[in-house]
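Notes follow the structure.
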Amino acid sequence: MKAGVIYGKGDLRIEEKPKPVAGPGQMVVEIKYVGICGTDMEFFRDGGFPPFMKVPLTLGHENCGTVVEVGEGVERFKVGDRVLCGPPSHCAEDCSPCKEGRTNICIHGFPRTAGLGQLDGGYAPYLLVNDVEHTMIVPVPDDVDFKDAVLFDVICVALHGVRISNFKFGDDVVVSGTGPIGLSAIQILKAAGANRVIALGTTSSKEPLIKSYGADYFINSKECENLGDEIKKILGSDVGADVVYECAGNMTSMANCVYECVKPGGQVAVVGTIQQPMDNLVPGRFSISEPNFQFTFTYTERDVQIYLNMVKAGKLSFPNMVTEIVSLDDAVEKGFKNRKPGSIKILIDPSL
């Protein structure tokens, strides 16, 4: 079978690999869609693989499809089940975070995540689930489209960030970043009862899309001369927003959230993954207003179940989130090297 294998910076190859076979405690899923994640693009663009990652590695950690083979001892799933395949769940070692129900910060999680650590992912027609008992495998309802289900990794990062933040019904919020995670956060916050949602982005042409997701206001943070004053003007207040969500994953956005957006005593929820040093933040400049910081990481199985239930009930929808579906043969060129302007989420369909 064909597979998309990363070898190094700028080196993603479509090559032949054996079709996986399920052993005891394992199962094989035929991939319907796999998402191209921002993390995958960072690996391709910058290299900088984490020390626990085995390279070469078949990428793909946003996977959904149908069970086609079940190994000995697997009882929760059967051939024909529609599933999404997430990161590890409660680990076999029963580590301290897992005991507390915080499986998203399991100390063994990342190395065991297919497509990110030691195990091959879903940039291929078939995915081997190496340890079914300790992997987040969630049934996909028949009336939820796989194109919605495969967005779980993006949507649930935002959903988890909102759920563990200090947000409450009627709050005024700012979302900094209007990529897939920021757009998801905007819609989730609106569904959860936010009063006013102000979106910060750097591409004014996206304003209609951003507002279609539920943002009440859009500010181009690159072009705005005084971001803090503009936010206060919108809110009709002498202070900023109750909760601010950093979803862009860079330090310029983070600094805007801290210095310009959040009210004294408010909260900055850091949802984006920032790989830059935080050397442009001076605590003495903002500690006097006692902001609260909440760093959030990925999601739990409960978050995924909430997402699927809300999609099934029509309470959440993400129109135009998927901007292109490509084949494995076209994945390197169209998904990594020459993405179309305005692309938001690109999926790979290995059957094409």
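Laboratory data are not the source of any read-out in this text; all were calculated from the coordinates shown. Source: prediction; values computed, not measured. As a convention, Cβ positions derive from the backbone with ideal geometry for all residues, glycine included, and neighbour counts pool all protein chains shown.
How large is the charge dipole for the stretch 103-247, taken about the Cα centre, if only the Cβ atoms of Lys, Arg (+1) and Asp, Glu (-1) carry charge, to the nearest 20 debye?
Numbers: 11 positive and 19 negative charges, 33 e Å.
Using only the charged Cβ atoms, the result is roughly 160 debye.
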Inter-part gap, Cα centre of the stretch 86-118 to Cα centre of the stretch 169-212, in whole angstrom, is 30 Å
Checking the stretch 141-236 for GluC sites (Glu not before Pro) in a loop per DSSP with at most 12 other beta-carbon atoms within 10 Å yields GLU223, GLU225
Mean separation of Cα contacts under 8 Å (at least 6 apart) over the residue count of the chain, i.e. the relative contact order in percent, is 17 percent
Relative to the chain, whose Cα atoms define the longest principal axis, helix 180-191 and its Cα axis are tilted in degrees, nearest 10, by 70 degrees
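Using DSSP, restrict attention to beta bridges with both residues in the chain and report what percent are antiparallel, rounded to the nearest 5. Before the final figure, lay out each step's value.
Details: 29 of 55 bridges.
Rounded to the nearest five, the antiparallel share is 55 percent.
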If every Lys and Arg gets +1 and every Asp and Glu gets -1 at its Cβ, then about the Cα centre the stretch 162-295 yields a dipole, in debye to the nearest 20, of 340 debye
Ordering 170-176, 12-18, 67-73 by per-residue average of other C-beta atoms within 10 angstrom, highest first, gives 170-176, 67-73, 12-18
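Where does the charge balance sit around MET321 when Lys and Arg score +1, Asp and Glu -1, over other residues with C-beta under 10 Å from its C-beta?
Residues close to MET321 contribute a combined charge of +1.
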Here the convex hull volume per residue of the stretch 162-295, taken over Cα atoms and given in Å³, is 97 Å³
The size of the Cβ-based charge dipole (Lys, Arg +1; Asp, Glu -1) of the chain about the Cα centre, to the nearest 20 debye, is 320 debye
Footprinting proxy, VAL258, VAL79: sorted fewest to most Cβ within 10 Å, the residues are VAL79, VAL258
Ranked output for segments 177-189, 337-349, 276-288 by mean other Cβ atoms within 10 Å, highest leading, reads 177-189, 337-349, 276-288
Taking every other residue with Cβ under 14 Å from the Cβ of ASN104 and scoring Lys and Arg +1, Asp and Glu -1, one gets +1
Once amide hydrogens are built 1.01 Å from N within the peptide plane, the residues lying 5 or more places from ASP171 or on another chain with amide H under 5 Å from its amide H are ASN195
